[in-house]
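The values are calculated or read from the model by the stated rules, or taken from the named source; none is laboratory data. Worth saying up front: this structure is predicted, and the values here are computed from it rather than measured. Cβ coordinates were reconstructed from backbone atoms using ideal geometry, including for glycine residues, and neighbour counts include every protein chain displayed.
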Amino acid sequence: MTDVLDDGELQRILVVMAHPDDVDFGAAGTVAGWTDRGIEVVYLMVTDGDAGGFDDGITRAEMGALRREEQRAAAKCVGVSDVRWLGYPDGRVEATLELRRDIARVIRQVRPDRVLMPSPERNYERIYPSHPDHRAVGSAALDAVYPDARNPYAFPELLAAEGLDAWTAREVWFTGGPASNHYVDITERFDRKVNALRAHASQTGHMGDELPEMLRGWLAGNAAAAGLPEGRLAESFQVIDTA
């Protein structure tokens, strides 16, 4: 376990993810806890997820539109109403200066105390969180937190043309990485996590009862790693001080 900012100190949290459903697999229970405590949470999705799904009869454009609606519905399950999109192509995300600027812009707009993002590190023990888009978004988002968003000389057009002053986010949380150092007990919010994931019907509709069973397995393992009592469920993160 590591020291983290007390939630009572926080006003806003920005969640930056590659695809719709990423936040719900990794952190929906934790997000529900934040919003329950009155913290404003904003979602930023880098892609529309148009390359995902199990229906061969739908075009990529239709899939992207569908997944946007699914993410909005999932966000409501955990108390989030502000969902934003960058529109990058699913499956082709790279940690470019352009992406860093676009994320830094939203950091300066939202002015979050904490930013949640995918880990830029590959997890060899469990490869699925290490999708190339996830790692690229994690890398670009961390660079956007430090140094870009806080440096008034980085992307000066954000200030000159858009009036967006520099902003320092004090803490970063990674999901899906190989080096967890913080766990959040979500046992009482497990059903809301399941409901959020059910909202992504294009991704989870085929899973039936397998979905909550799979989630319980992962989350019980996290709880055991955190030293929580048997029967508890937890989400895992790597927390980094960026103050």
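Restricting the first member to the range 98-125 and to residues that are on the phi > 0 side of the Ramachandran plot and modelled with pLDDT of 95 or more, and the second to residues that are assigned to a strand (DSSP E or B) and not basic (K, R), the beta-carbon pairs closer than 9 Å and six or more apart or on different chains are R111/L14.
Please verify whether the range 73-88 includes one or more residues that are out of contact with any Lys or Arg (no Cβ under 6 Å at 6 or more places or on another chain), surrounded by fewer than 21 Cβ atoms within 10 Å (Cβ to Cβ) and closer than 22 Å to D241 by Cα. No: zero hits. Go through (1) touching a residue at least 24 places away in the same chain (Cβ under 8 Å); (2) touching a Leu at 6+ places or on another chain (Cβ under 7 Å) for S236 and report which single condition fails. Here S236 meets the rest and fails (2). Specify the residue that is surrounded by the most Cβ atoms within 10 Å (Cβ to Cβ); the eligible residues are those in the range 18-57 that are of a type in the set (S, T, Y) and over 19 Å from R105 (Cβ atoms). In this case the residue turns out to be T30. Where residues in the range 6-17 are in contact with a Pro (Cβ under 6 Å, 6 or more places away or on another chain) and buried (at least 24 other Cβ atoms within 10 Å of the Cβ), which of them is farthest from D185 (Cα to Cα)? Applying the filter and picking the extreme gives L14.
The single condition among (1) of a type outside the set (D, E); (2) assigned to a helix (DSSP H, G or I); (3) under 15 Å from L197 (Cα atoms) that M63 does not meet is (3).
Kindly evaluate F190 against the criterion of being out of contact with any strand residue (DSSP E or B) (no Cβ under 9 Å at 6 or more places or on another chain), among the aromatic types (F, W, Y) and closer than 29 Å to D36 by Cα. Yes; evaluated as a whole, the condition is true for this residue.
The residue that is surrounded by the most Cβ atoms within 10 Å (Cβ to Cβ), among those in the range 168-206 that are of a type outside the set (A, V, I, L, M, F, W, C), modelled with pLDDT of 95 or more and part of a helix (DSSP H, G or I), is K193. Out of everything in the range 149-158 that is of a type outside the set (A, V, I, L, M) and part of a loop (DSSP other than H, G, I, E, B), what residue ends up being farthest from S180 (Cα to Cα)? Applying the filter and picking the extreme gives P156. Hey, among the residues in the range 192-228 that are among the charged types (D, E, K, R) and farther than 12 Å from D24 by Cα, which one's nearest to the chain's Cα centre (by Cα)? It comes out as R216.
Filtering the range 27-50 to residues that are in contact with a helix residue (DSSP H, G or I) (Cβ under 7 Å, 6 or more places away or on another chain), within 20 Å of S139 (Cβ to Cβ) and small (G, A, S) leaves only G49. Restrict the check to the range 73-81 and report whether at least one residue is at pLDDT below 95 and assigned to a helix (DSSP H, G or I). Within the range 73-81, not a single residue is at pLDDT below 95 and assigned to a helix (DSSP H, G or I).
Per-residue answers, yes or no, for (1) farther than 12 Å from L116 by Cα; (2) part of a loop (DSSP other than H, G, I, E, B); (3) of a type in the set (F, W, Y); (4) in contact with a Lys or Arg (Cβ under 9 Å, 6 or more places away or on another chain):
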{"residue": "V16", "(1), (2), (3), (4)": "no, no, no, no"}
{"residue": "P20", "(1), (2), (3), (4)": "yes, yes, no, yes"}
{"residue": "G29", "(1), (2), (3), (4)": "yes, no, no, yes"}
{"residue": "A32", "(1), (2), (3), (4)": "yes, no, no, yes"}
{"residue": "T35", "(1), (2), (3), (4)": "yes, no, no, no"}
{"residue": "G38", "(1), (2), (3), (4)": "yes, yes, no, no"}
{"residue": "V41", "(1), (2), (3), (4)": "no, no, no, yes"}
{"residue": "V46", "(1), (2), (3), (4)": "yes, no, no, no"}
{"residue": "G49", "(1), (2), (3), (4)": "yes, yes, no, yes"}
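Applying a threshold of 6 Å to beta carbon distances and a minimum spacing of six or more residues, or different chains, the list of pairs starting in the range 14-38 at a residue that is on the phi > 0 side of the Ramachandran plot and ending at one that is at pLDDT below 95 and not aromatic (F, W, Y) reads D21/Q203. The residue of the range 120-148 that is surrounded by the most Cβ atoms within 10 Å (Cβ to Cβ), among those that are more than 18 Å from the chain's Cα centre (by Cα) and not in a loop (DSSP other than H, G, I, E, B), is D148.
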